[in-house]
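The values are calculated or read from the model by the stated rules, or taken from the named source; none is laboratory data. Predicted, not measured: the structure shown is a model, and the values here were computed from it. Ideal geometry is used to build each Cβ from the backbone, glycine not excepted, and the neighbour counts take in all protein chains shown.
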Amino acid sequence: MENVTFAAQAGVLLLASLGVVVAKSCLRSALSLIFVQLQLAILYIGLDAPFVATMQVLVYAGAVMVLFVFVIMLLNMGGADRAPAGQVPLLKWAGAGAAISVMVGIASSARQLASPGTTPAFAAGVHEVGEALLGRFLFAFEATSLLLLTSVVGAIVLGLRKLTP
Amino acid sequence: MHYVALAAGMFAIGAAGALLRRNLLILLMSIELMLNAANLVFVAYARAYGDVNGHATSFIVMAIAAAESAVGLAVLLGAFRHRETSSVDAHDALRDHV
């Protein structure tokens with residue numbers, strides 16, 4: 001049963017990542033990538049990684065992909081406003097299938113975590129990861145925050161139209 | 001382990017997309033795909049060895065990927081303004097026309 005669940009989730013993940021690369025318009029590619037992030041979060045839940053799964057949804061699907069969609073909107077790269085007549089039902093089925101697979105994936109992965117009989121192989125909640133981040137990875141943690149500050153400043157500077165008024 | 005094979009497949013798809021697609025935005029998205037594949041490997045091995053360091057590393061990789069995508073999108077905006085197209089082939093100023 002575990003192998004079937006994993007095979008199904010792996011198949012969905014590979015299909016979605018193919019969708020990112022093959023899609024005709026940038027917006028469909030971004031939507032496929034959001035689906036990839038969610039599917040990866042489901043896999044992380046199944047891998048006893050609740051903290052990483054939450055961060056995946058919050059950071060990747062919630063912030064990075066929003067940036068991508070904003071840029072698509074700004075540069076008007078949505079494209080493909082009129083889908084050919086035969087394509088729309090297929091996309092509707094694909095969307096419904098994606099939603100159903102997300103629900104089924106969350107249900108099957110979360111059941112492994114919540115079942116009272118089995119204890120997970122190791123505990124990887126916020127407490128343990130926090131201890132690792134502020135213990136062994138303290139330098140990397142602080143350097144990453146410095147990197148984030150630098151990237152924010154850099155992105156603002158790169159986005160200015162003219163540096164001198 | 002099957003997760004590593006899955007991550008390898010995802011990485012290969014992302015690399016193929018980064019090399020074959022001519023759109024800058026899809027290039028950036030393929031890079032995100034590759035980073036996600038690396039994250040999957042980290043988390044899978046963290047569970048195999050019962051080590052939380054894999055999760056911490058994965059979190060830091062996530063933060064780095066977010067920073068890199070922000071800067072990459074700013075560069076994309078600047079490049080789009082410069083050449084009025086989002087095609088990678090438009091930026092060939094350093095190309096050697098042999």
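Checking each residue in the stretch B:57-98 for being more than 21 Å from A:Ser151 (Cα to Cα), touching a helix residue (DSSP H, G or I) at 6+ places or on another chain (Cβ under 8 Å) and part of a helix (DSSP H, G or I) picks out B:Arg83, B:Val88, B:Ala90.
Here A:Val66 passes the criteria (1) surrounded by fewer than 17 Cβ atoms within 10 Å (Cβ to Cβ); (2) more than 21 Å from A:Ser151 (Cβ to Cβ) except the one numbered (2).
Only one of the listed residues (A:Gly86, A:Gly125) is farther than 18 Å from B:Gly72 by Cα and at pLDDT 65 or above. That residue is A:Gly125.
Restricting attention to the stretch A:128-144 and to residues that are within 24 Å of the chain's Cα centre (by Cα) and within 8 Å of another protein chain (Cβ to nearest Cβ), the residue that is surrounded by the most Cβ atoms within 10 Å (Cβ to Cβ) turns out to be A:Val129. Of all residues in the stretch A:7-44, those being among the β-branched types (Val, Ile, Thr) and surrounded by fewer than 23 Cβ atoms within 10 Å (Cβ to Cβ) number 4.
Quick check: is even one residue across the stretch B:56-66 at negative phi and out of contact with any Leu (no Cβ under 9 Å at 6 or more places or on another chain)?
yes
Selection of the stretch B:69-87 for residues being facing another protein chain (nearest Cβ under 7 Å) and within 19 Å of the chain's Cα centre (by Cα) yields B:Ser69, B:Ala70, B:Val71, B:Leu73, B:Ala74, B:Val75, B:Leu76, B:Leu77, B:Ser86.
Just to verify a result, which residue in the stretch B:1-48, among those that are assigned to a helix (DSSP H, G or I) and either in contact with a strand residue (DSSP E or B) (Cβ under 6 Å, 6 or more places away or on another chain) or of a type in the set (Phe, Trp, Tyr) (or both), is farthest from B:Val61 (Cα to Cα)? Among those residues, the one meeting the criterion is B:Tyr3. B:Arg47 meets all of the listed conditions (1) at the interface with chain A (Cβ under 10 Å from one of its Cβ atoms); (2) closer than 24 Å to A:Leu158 by Cα; (3) charged (D, E, K, R) but one, namely (2). Within the stretch B:1-25, residues that are more than 8 Å from chain A (Cβ to nearest Cβ) and among the hydrophobic types (A, V, I, L, M, F, W, C) have Cβ atoms under 7 Å from residues that are crowded, with 18+ Cβ neighbours inside 10 Å and outside any helix (DSSP H, G or I) in these pairs: B:Leu24/B:Ser86, counting only partners at least 6 apart in sequence or on another chain.
The combined condition, being in contact (Cβ under 8 Å) with a residue 24 or more places away in the chain and within 16 Å of the chain's Cα centre (by Cα), is not fulfilled by B:Ala44.
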